[in-house]
Amino acid sequence: VPADVDENDVSTADPAAHVMELSRRKAEAVLGRVKEGLVIGADTVVCIDGAVLGKPAGRAEAGVMLARLSGRTHTVTTGFTLIDAQSRKTTGGFEQTDVTFRRLEPWEIEAYASSSHPLDKAGAYGIQDQSGLFVERIDGCFYNVVGFPLTKFYEALKRLWPHEALGAILHGKSRDE
């Protein structure tokens, strides 16, 4: 369910606070439209030199972002908020992962920036697509760089739902079975 939240309306420069604020806003925006289930809001940013890189406004900005990341290490931060729609219990968390790009050739930046891939991704790349070839090293959670820190999410879910419900899910059933 699209949250329709203005992602540019966050006043903090702290990446963890930034993604936690947006993930909370997204989850709360969707919560008003559902009656049951788990609402998950998430947001990811890329940070380098103290600057927060969100989604590029267009192909030219995507190229600038990729050139800035070329040959350097940056930090990917993803925050998530979980709200149980029935009980309104809320929890969440965030993860940070350092990613090092190899030095990119200008034609590689141009080719990738000219595609549709970078336009909806923080930092103008998605490690799960062709730009995975840009990554030299990852220090931390791979799933965080994809945009959803799976292990941290599961740990948060364990705080929200009883182990019986999670056990049912792990066995391929609904949490109410």
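Numbers below:
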| quantity | calculated |
| --- | --- |
| Number of positions in segment 61-116 that are touching a residue at least 40 places away in the same chain (Cβ under 8 Å), assigned to a strand (DSSP E or B), open to solvent by less than 60 Å² (accessible area, probe 1.4 Å) and of a type in the set (Phe, Trp, Tyr) | 1 |
| Residues of segment 1-60 satisfying the condition of being without any contact (Cβ under 8 Å) to a residue 24 or more places away in the chain, part of a helix (DSSP H, G or I) and of a type in the set (Gly, Ala, Ser) | Ala17 |
| Subset of segment 1-16 (residues that are open to solvent by less than 50 Å² (accessible area, probe 1.4 Å) and in contact with a Leu (Cβ under 7 Å, 6 or more places away or on another chain)) | Val5, Val10 |
| Selection count, segment 136-177, where residues are touching a helix residue (DSSP H, G or I) at 6+ places or on another chain (Cβ under 6 Å), modelled with pLDDT under 80 and either open to solvent by less than 100 Å² (accessible area, probe 1.4 Å) or closer than 30 Å to Val76 by Cβ (or both) | 1 |
| Single match in Ala67, Ala27 (criterion: aliphatic (A, V, I, L, M) and more than 20 Å from Leu160 (Cα to Cα)) | Ala67 |
| Which numbered condition Val19 misses (of (1) modelled with pLDDT of 95 or more; (2) open to solvent by less than 20 Å² (accessible area, probe 1.4 Å); (3) touching a Phe, Trp or Tyr at 6+ places or on another chain (Cβ under 7 Å)) | (1) |
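The values are calculated or read from the model by the stated rules, or taken from the named source; none is laboratory data. Since the model is a prediction, treat every value here as computed from it, not as a measurement. As a convention, Cβ positions derive from the backbone with ideal geometry for all residues, glycine included, and neighbour counts pool all protein chains shown. Remember, those area values only see protein heavy atoms, side chains included, never the ligands or the DNA or RNA. Shrake-Rupley method; radii C 1.70, N 1.55, O 1.52, S 1.80 Å.
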